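To start, the structure itself, in structure tokens.
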Amino acid sequence: MRYLWPHGSVTALLFCLTLVGCGALGGHGGGGGGKNLTNPVTGLTATAGNAEITLNWNAYPGALGYDIVRSTTSAGAVPGNYTTVGITTTSYVDAGGLTNGTTYYYVVVAETSASVTNPSNVASATPSGPSTNIAVTVDFLSNAHPISFLIYGGALPQKLPTTVNAQSTAFNYDVTAVRWGGNGSSTYNWQLGTANAASDKFFEDLTFCGVGGAASNSPCAESDSVQFIRDVEAFLPPIMTVPMLPWVAQSPASNGNGHYSFSVARDGAQCHNDPQNPDAGDGIALTSNCDAQPNFLTASLTDINDAYVPLLDDHSQACPSGNCVYRSDWVAALANAFNSSGFSHFYEMDNEMDMWGVTHRDIHPSPSGYDEMASVYLTEATKLKGWDPKAVRLGPLSCCWWLYWNGANSSDKAAHAGDDFLPWWLNQIYWRDQISGTRSLDVFDIHAFPDATTTDSGGSPLPKSQLQALAGTIYRDYWDPTFVSPSSTINQSATSIQPNPTIPFRIPRMRALLNTIYPGTPLAISAWRASFAGESDFSTALADADAYGIMGRENVYLASRWTAPNPANPNFWALKLYTNYDFTNDNHFGEISVADTHNGDPNLFSSYASVGLAVDTPKIIVINKDPQNSVQVQFTLKDFTPTSFTSYTLSALYPVGIAASNSQPWSSVQYFPPYSVTLVVINGTFSGPKEFQISPDSMMVPAGGTVTWSFTGGSLTSAVFDAYEGVPACAGTIALTGTNKITVNAGSTPGFCHFTFSNGSGTQGGWIIVGNPAASLTVAGGNNQIGMHGTVLPVALSVNLAPGSSGGTNPASGASILFKTNAGTLSSGTTSGSKVIAITNGSGVAAVTLTLPSTAQTVTVTAEGPYGLGHPTVTFTETSQ
């Protein structure tokens, strides 16, 4: 076992410089370059634990560090083949790759400025303890798909000291993308490097910190967004947030300058104010119970002008005050900085705009509405592409589960026929893009903090042990079709086409929405975290490791942890197991996810498998979330012949480093210590054929509906519904409709249906999210008309939307209906073209007029109802003569 030094440890760096051959891994050839000192290390003892052994020894005068030899024979416990080097304490927990019941022998030597000592006495121990037996099967020909390396991103990373990294802007480069975001980014002033802290801190203007400053002893390591891109893009893709609110901050607030929204002197006594700036209040009138029953103040224009300056799109817009900031200028500067690298120009379109009415209630006092969130996005996303043609736009960055489905305005959902918010928003963007003929949404982005209850019935925090256990289970929220959420907020209400409202099943639901409504749009999760017991607690490292594995397996395109792991915390080392496990900057978890199944309790055990592009070095992440029991894993590797392996272990007993084993012959039975994350890197030979792919791998369909799949890579031999994680097989049918087509007819019961397709050598699985039965769309008038070419048909083409059992409101007023014609011109209100959107009235009726084409022909007009209500369609047939 060799210990991989913490990146950024100055002590480790200085120590390594004194050793001959101490390279990136901290190992050396075992001699120190001089004669052994006569006096040995004394008092070495070995104490067995559960899949681990604790070593202790006496301090050696003048020692710079200690090196350890481990062997399975007493004869092998001699200096020369060091398994662990550079230990600076007089104790060490060997917790990686040990097998219960096997005796291990150890010796220790000390490194001094002159040489190394003679070896200590030999100490031995035999680990033992309770162990859980789990079978893990990795099938290299099942569910293979690429893993996006962008899922290991983080926001506000630490800036490391230049004594560790020669770069003057040395960021934490173990993340794979760096997000510039958060609540303050919605009001960021790029000229001043400031943002309004909004409800997070008394609506004060502050210096914006795009990079955390703790590691460099600086209050803010980076506030210049353009410089941030220049600093980061040499190594990592930056993700920039573009404000879509009409105001940005002034210079930082201080006593007397008034750069905050709610002045106590002007607006009256308030529930709380800033102790360092007592005139800055929280915008809540002072009453005896203002915390429990807040009376929110309304910011006047004077208040707003004190804290903000206008943010305009470009210089064609008037700036009466003469003091405005322009998006076009800022984006041009950002684009110029982006262009110096080959990375994509990622832009998040603001931050949680569905929370504007809460977070930024001084400048946006009303809840964000459906129509506002679509129209503002479309306007700014379209203009952004003009300012930076290489822009990759992410939206809508919806805050949280309840708002995914209900929106921020409690009356807005009913005003849109009961359509769920995210399906409605995505539907609206897709249809508007069809009308304009160009894409405005490049990546569908949500925030996904798994919902959980972390307090007891009296509001007090749960005991730490319960919070730690919760962190180990909560990411089942992302993927498990049987996981009933422990939070009452996971219930998107009864008026929804979505099935199983208490089971989040978050990522498959989102991917089904995307594949159904706006095909070809990838999924991003730009803010996530579940550090219930604290960022520095080891349970957070286990939870993060689980989240990274799930997002790779479940086809997430981009993700950014809030915030990036701190190198002082265990979860930083969990990240390194995926992105840079042996400190070479190029060895990481594989590029292709493959099927990994096990029979363990998902609350206590997880595993994830991958292969590289060369498919000859599989990697398996094993997460033992049990704080007491080790795990004995029986591995079965299908279509791969293993020869040897190396393991890299992060454990609670040594939580700020990675212990790496020497390469050893493959063993199908391995032990993993309690509370640990281990990466197993395997060498061998892959023997199977190339995997085939299906597209898409998940869809949303109403009960009784039909969907078609296609695939590549040979002829399909079978397609079946099957049970998955306790979810029973579906009552629908699957029909082979060609060598590469499958038609699925959903059953009549809402729920989650898993399917498996095979081409004889490999398999692929996926999901149908079966919702309530679709609403009905019927022709209300205007069908089968005959008119002279070039004229307007006398009767409007109208449809009636009836909610039925879809979960929509009755009458279905406020629903968007897309009309499309193959010839002629449609008109709806002030818009016209071959595609237009009409809104249903109080009776659920939407209508358009049709101007016939200039030639005689049959004209076909199709009307489509909302995807969120089942996407019903009808067709009109008109004659131009």
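The values are calculated or read from the model by the stated rules, or taken from the named source; none is laboratory data. The model shown is predicted, which means the values in this text are computed figures rather than measured ones. All Cβ positions, glycine included, derive from the backbone under ideal geometry; neighbour counts span all protein chains shown. In case anyone asks, the SASA skips ligands and DNA or RNA and just uses the protein heavy atoms, side chains included. Shrake-Rupley method; radii C 1.70, N 1.55, O 1.52, S 1.80 Å.
Would you please classify the overall shape of segment 250-383 from the alpha carbon gyration tensor, given that a ≥ b ≥ c denote the square roots of the eigenvalues, rounded means a/c under 1.5, and beyond that prolate means a/b larger than b/c while oblate covers the rest?
Prolate, since a/c reaches 1.5 and a/b exceeds b/c.
Return the equivalent ellipsoid semi-axes of the chain as a descending list in whole Å, where each equals the square root of 5 times an eigenvalue of the C-alpha gyration tensor.
53, 36, 24
Does anyone have the angle between helix 327-338 and the longest principal axis of the chain? Alpha-carbon axes, 0 to 90°, nearest 10?
With rounding to tens, the tilt is 40 degrees.
Between A234 and S668, what is the label-point separation in nm under the 7 Å Cα-to-beta-carbon projection?
Placing both labels 7 Å beyond Cα along the Cβ direction yields 5.1 nm.
Given the options S321, T132, N569, identify the residue whose Cα lies farthest towards the positive end of the charge dipole of the chain (+1 on Cβ of Lys, Arg; -1 on Cβ of Asp, Glu).
T132
Would you mind getting the Kirkwood hydrodynamic radius of segment 329-442 from its Cα pairs, rounded to one decimal in Å?
Result for segment 329-442 stands at 15.1 Å.
Take the eigenvalues of the Cα gyration tensor for segment 345-407, scale each by 5, and report the square roots as semi-axes in whole Å, largest first.
23, 12, 10
Quick check: the distance between the Cα centres of segment 807-848 and segment 233-301, to the nearest angstrom?
Spelled out, the Cα-based centre of one part sits 42 Å from the other.
So for each of 345-358, 557-570 I average, over its residues, the number of other beta carbons within 10 Å; can you give me the resulting order with the highest mean first?
In descending order of packing, they fall as 345-358, 557-570.
Taking a 29 Å limit on the Cα-Cα distance, which of the listed pairs K385/K576; K390/K413; K576/K625; K385/K820; K413/K835; K383/K835 fall beyond it?
Long pairs (Cα-Cα over 29 Å): K385/K576; K390/K413.
Could you sort the peptides 514-522, 777-785 by per-residue average Cβ neighbour count (10 Å cutoff), highest mean leading?
Descending packing order for the listed peptides: 514-522, 777-785.
Taking a ≥ b ≥ c as the square roots of the eigenvalues of the Cα gyration tensor of segment 182-329, is the shape rounded (a/c under 1.5), prolate (a/b larger than b/c) or oblate?
oblate
Please report how far the C-alpha centroid of segment 381-398 lies from that of segment 593-672, rounded to the nearest whole angstrom.
Their Cα centres are 41 Å away from one another.
Does anyone have the angle between helix 421-436 and the longest principal axis of the chain? Alpha-carbon axes, 0 to 90°, nearest 10?
60
Under 15 Å from the Cβ of P275, count the other residues' Cβ atoms, weight Lys and Arg +1, Asp and Glu -1, and hand me the total.
Once positives and negatives cancel, what remains is -3.
Rounded to the nearest 500 deg cm²/dmol, what is the calculated helix-only ellipticity per residue at 222 nm for the chain, with -39500 (n - 2.57) per DSSP H run of length n ≥ 4?
Mean residue ellipticity, 222 nm, calculated: -4500 deg cm²/dmol.
How would you classify segment 549-691 from its alpha-carbon gyration tensor, with a ≥ b ≥ c the square roots of the eigenvalues: rounded for a/c under 1.5, else prolate if a/b is greater than b/c, otherwise oblate?
It comes out rounded by the Cα gyration axes.
For segment 539-620, what is the largest minus smallest coordinate of the Cα atoms on each principal axis, given in angstrom and ordered from greatest to least?
34, 34, 23
Work out the length of the dipole vector of the chain about its Cα centre, built from +1 on the beta-carbon of each Lys and Arg and -1 on the beta-carbon of each Asp and Glu, and round it to the nearest 20 debye.
Around 1440 debye, computed over the chain.
Show me the ranking of peptides 667-674, 867-874, 637-644, 98-105 by mean Cβ neighbours inside 10 Å, starting with the highest.
867-874, 667-674, 98-105, 637-644
Report, to the nearest whole %, how much of the accessible area of the chain belongs to carbon and sulfur atoms, 1.4 Å probe, protein only.
On the chain, the fraction of accessible area on carbon and sulfur atoms equals 52 percent.
Any chance you could give the angle, 0 to 90 degrees and rounded to 10, that helix 370-387 forms with the longest Cα principal axis of the chain?
So the helix axis and the longest Cα principal axis differ by about 70 degrees.
Contact order normalised by length for the chain, with contacts defined as Cα pairs under 8 Å and 6 or more residues apart; what percent is it?
It rounds to 12 percent for the chain.
What is the gain in length, in nm to one decimal, between T302 and I786 on full extension, counting 0.36 nm per residue of separation less the C-alpha to C-alpha distance?
Value of the extension gain: 168.1 nm.
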